[in-house]
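First up is the structure itself, then whatever we jot down about it.
The values are calculated or read from the model by the stated rules, or taken from the named source; none is laboratory data. All figures in this text were calculated on a predicted structure; none of them were measured in a lab. Methodologically, a virtual Cβ is constructed for each residue, glycine included, from the backbone with ideal geometry; neighbour enumeration extends over all protein chains shown. In case anyone asks, the SASA skips ligands and DNA or RNA and just uses the protein heavy atoms, side chains included. Shrake-Rupley method; radii C 1.70, N 1.55, O 1.52, S 1.80 Å.
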Amino acid sequence: MTEMTVQDRPTASCVALLIAAPASGQGKTTVTAALARLHARQGRRVQVFKCGPDFLDPQWLRLASGQPVHALDRWMNGEADVRARLFQAAQCNDVLLIEGVMGLFDGANSAAELAKSLGIAAVVVVDASAMAATFGAIAHGLQHYDPGLQLAGVLANRVATAHHGEMLRSGLRDPALWLGAMNQVSLDAAKPRANLLPERHLGLVAAHELHDAAERLDAAADVLAQTPLGQLAWQQWQQRWTVAFTAPAPTAPVPAWLAGRRIAIARDAAFSFIYTANLECLQAMGAELAFFSPVAGERLPACDALWLPGGYPELHLQALKANAGLQLDLQAHVEQRKPVWAECGGMVALAEGLTDLDSRWHSLWGLLPAQAVMQQRLAGLGMQQLQTPWGMLRGHTFHYSKLQSEAQQVARSSRPGQAADSGTGEAVYQQGSIHASYFHAWFPSCPQAVAALLGVEMPVVDPQAWHSGALNA
């Protein structure tokens, strides 16, 4: 059978925009969420995506749109996966919004490169709180820096007054770029300059932690609705920013390697760093998923394997330690040699304890011979790859703690394109049936490795990738 060419594949057309900025901290998430909320309130079906690895912004974007948010990264996902997700979304939505990462042109897989490869225009959000005519210079530079990028326009954020907004607009060389000015949005009249979406270490405070999260998004949408972008007729959106997405080449489905297996997954305020794509990957392999909340005092569900995702265990130390029943369940699970895959915060929770920023020691579950120490500054950040005996698993790292462990190191991740012994990655520890690392895995990049880590005997591609026998030690 002749393979279908790109020209022969079906397409799906949908309004699509990239929301970018000159740098981090300009308000991309607030504007993207406000746009999603505004369109959703007007009865449109909206799906939002996030450039690059991120667990926290997507929680706000999901609340705003009412739909799961997927990461889009041409290295971590791969080009085919990115295009497949967008094609699928274009078939059943009215609007696709993609929140950029860092500055528009920053990084090897920048937001600009993604937009160019897909033919999507970019709205650039600029924090204009401390500028006037320079706003026009920034817009002019972004418009002409890369002729291959379509700039939909610029939106001034955190603008003080109507007069300030007029100063910004008049500084543009190309008046057609003006999408409006958003005033600083705050729900607290006593703190008008407080961030609408508050932050802590690792990023934004998760949406589920704030009782008024939906009210915050509505406030942002109300402000955006007063701008030219917010008031633009739907027909204009369709005429300007409709994109045709091509169906991906057919691929073989992932084998049901996890059929008949029940995977327990910790999911709550302490363990919330979970990609929807990872859950979908487990289900595609036939797994039954059983979620539970250690913070709420829940016990370990009956299961064949356990996944402890990352999150904020350091903010819930007392609740985790107080769950003595779960600690006993975990001990029994490991004694029965049932697999555990623990990522970042999940690994920290398994440690003997953690020393906080005030040098106080907090005991934890004690199943991994390790001690964690919180740091004032980032201890790990960036894309990572992990060469496993079953293939290359891609992902990233992002943490503020450091770990000292006597557990066996069976592997080490590395930065893309570098060797495992380059010293740029994270250790993978093995203690009995536990495998743990600061490395956050993108499961679809190598489902075989994920199935193996969760206890399925898989054909080994590279027997030298990990220490001999480490998986079953």
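Which strands (runs of 3 or more DSSP E) sit wholly inside region 325-433 and have at least 2 residues that are within 21 Å of residue 264 (Cβ to Cβ), modelled with pLDDT under 95 and touching an Asp or Glu at 6+ places or on another chain (Cβ under 8 Å)?
none
Just checking, does region 22-37 include any residue being in a strand (DSSP E or B), crowded, with 17+ Cβ neighbours inside 10 Å, of a type in the set (A, V, I, L, M) and modelled with pLDDT of 95 or more?
no
Would you mind telling me which numbered condition in (1) out of contact with any Lys or Arg (no Cβ under 7 Å at 6 or more places or on another chain); (2) polar (S, T, N, Q); (3) open to solvent by 30 Å² or more (accessible area, probe 1.4 Å) residue 413 fails?
Residue 413 satisfies all of (1) out of contact with any Lys or Arg (no Cβ under 7 Å at 6 or more places or on another chain); (2) polar (S, T, N, Q); (3) open to solvent by 30 Å² or more (accessible area, probe 1.4 Å) except (3).
Looking only at region 216-236, count how many residues are in a helix (DSSP H, G or I) and more than 27 Å from the chain's Cα centre (by Cα).
Matching residues across region 216-236 total 5.
Inside region 244-268, can you point out the residues that are open to solvent by 70 Å² or more (accessible area, probe 1.4 Å), touching a residue at least 24 places away in the same chain (Cβ under 8 Å) and not β-branched (Val, Ile, Thr)?
250, 253, 257, 260, 262, 267
Hey, residue 302 hits all of (1) surrounded by fewer than 20 Cβ atoms within 10 Å (Cβ to Cβ); (2) part of a helix (DSSP H, G or I) but one; which does it fall short on?
Every listed condition holds for residue 302 apart from (2).
Kindly indicate which of 361, 307 is in contact with a strand residue (DSSP E or B) (Cβ under 7 Å, 6 or more places away or on another chain) and open to solvent by 50 Å² or more (accessible area, probe 1.4 Å).
Testing whether each residue is in contact with a strand residue (DSSP E or B) (Cβ under 7 Å, 6 or more places away or on another chain) and open to solvent by 50 Å² or more (accessible area, probe 1.4 Å) leaves just 361.
Condition (residue is touching a residue at least 40 places away in the same chain (Cβ under 8 Å), under 28 Å from the mean Cα position of the chain (by Cα) and in a strand (DSSP E or B)) applied to region 128-148: is it met by at least one residue?
The answer is no; no qualifying residue exists.
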